[in-house]
Amino acid sequence: MPRYKLTIEYDGSTYCGWQRQKNGISVQETVERALLAFCGEEVTLFGAGRTDAGVHATGQVAHVDIARRWKTDTVRDALNAYLREEGGVAILAAEEMPDTFDARFSASKRHYLYRILNRRPPPSILKGQVWWVWRPLDVATMDRAAKRLLGTHDFNTFRSVNCQAKNAVRTLERLDVVAAPGGEVHLHASAQSFLHNQIRSFAGSLKLVGEGRWSEGDLVAALESRDRKRCGPVAPPDGLYLTRVDYAPEATWGVPRAAPALPASPDRHAEEIGDGGEGEE
């Protein structure tokens, strides 16, 4: 049975998140409906990251098994024909993969972007796509403080109370804060896995640093406390984007596996995917 890797772009504003839910339409369900219309099969789509409600993607990756072998351009274009009416989801690419490939478990690194619009007037066109912060931010100070979070740490301070990860130790490989065109401030984060709400927690805490309300030392003290109550405000989902997923070499993918369907989450708790089966970001 052919396995296809799909690279997916979506505006998360109108969806209850990536994962299939009982309380709304998800991105996963939307693409599965398109697959049913295309190939006549009820299939399960497995994603690399379970983005939360309101979170966007420019490079989400998923895999699906379907009975018939199709040209990859046909898969991409046919799905987009069914998705066009939705308006919020597009298939950027389709690739046929070995059956050892797993969009989630074969991933070696995930990359996220968080967008802050830092200007006095509120957004109009960008509403729902950025976090509006009207107080001026010191980007250089934010970036210096962000570098103190790099490496392997217990990030318990910077995760949701609903996080289901067994432990909060993660290795943060990149956290850059840079000025971007149009008055935006961008946070770029990369790691193999993240805790639930970790990037949004970083963004909220670094905002306090940029406003001068926290020092670099305050951020480090919050990290070392491993106390979620010491975290700054959690930034809204509007500015968060899953931009890319990297994969380990094929030789490391292991034996063919049918990944279990992930259970629905009524509190929409997952934002960025975690490792090994935690299902967290």
Of all residues making up the range 160-179, the number that are open to solvent by 20 Å² or more (accessible area, probe 1.4 Å) and either more than 30 Å from LEU126 (Cα to Cα) or at pLDDT 95 or above (or both): 10
Residue that is surrounded by 19 or more Cβ atoms within 10 Å (Cβ to Cβ), of a type in the set (D, E, K, R) and at negative phi, where the choices are ARG84, ARG33, ARG50: ARG50
Residue in the range 14-24 that is in a helix (DSSP H, G or I) and modelled with pLDDT under 95 present: yes
Filter pass, VAL178 being part of a helix (DSSP H, G or I), in contact with a strand residue (DSSP E or B) (Cβ under 7 Å, 6 or more places away or on another chain) and touching a residue at least 24 places away in the same chain (Cβ under 8 Å): no
Every residue from the range 25-38 that is polar (S, T, N, Q) and either touching a His at 6+ places or on another chain (Cβ under 6 Å) or not in a loop (DSSP other than H, G, I, E, B) (or both): GLN28, THR30
Test: residue in the range 119-137 that is surrounded by fewer than 19 Cβ atoms within 10 Å (Cβ to Cβ), under 19 Å from the mean Cα position of the chain (by Cα) and under 22 Å from LEU223 (Cβ atoms): no
ARG115 vs. criteria outside any loop (DSSP other than H, G, I, E, B) and open to solvent by 10 Å² or more (accessible area, probe 1.4 Å): yes
Some residue of the range 93-107 being open to solvent by 50 Å² or more (accessible area, probe 1.4 Å), in contact with a helix residue (DSSP H, G or I) (Cβ under 9 Å, 6 or more places away or on another chain) and farther than 30 Å from ALA222 by Cα: yes
ARG200 charged (D, E, K, R) and either open to solvent by 30 Å² or more (accessible area, probe 1.4 Å) or without any contact (Cβ under 8 Å) to a residue 60 or more places away in the chain (or both): no
Cβ pairs under 6 Å, 6+ apart, first in the range 20-36 and of a type in the set (Ser, Thr, Tyr), second open to solvent by 30 Å² or more (accessible area, probe 1.4 Å): SER26/ARG20; THR30/GLU86
Single unsatisfied condition, TRP214 versus (1) open to solvent by 30 Å² or more (accessible area, probe 1.4 Å); (2) within 22 Å of SER106 (Cα to Cα); (3) not β-branched (Val, Ile, Thr): (2)
Filtered residue count, the range 221-276, keeping only those that are among the acidic types (Asp, Glu), at pLDDT below 95 and open to solvent by 50 Å² or more (accessible area, probe 1.4 Å): 3
Selection from the range 127-145 of residues that are in contact with a Leu (Cβ under 6 Å, 6 or more places away or on another chain) and within 19 Å of PRO236 (Cα to Cα): VAL130, TRP132, MET142
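The values are calculated or read from the model by the stated rules, or taken from the named source; none is laboratory data. Here the structure is a predicted model, which is why all the values come from computation and not from measurement. Heads up, the Cβs are rebuilt from the backbone with ideal geometry, glycines too, and the neighbour counts pull from every protein chain shown. In case anyone asks, the SASA skips ligands and DNA or RNA and just uses the protein heavy atoms, side chains included. Shrake-Rupley method; radii C 1.70, N 1.55, O 1.52, S 1.80 Å.
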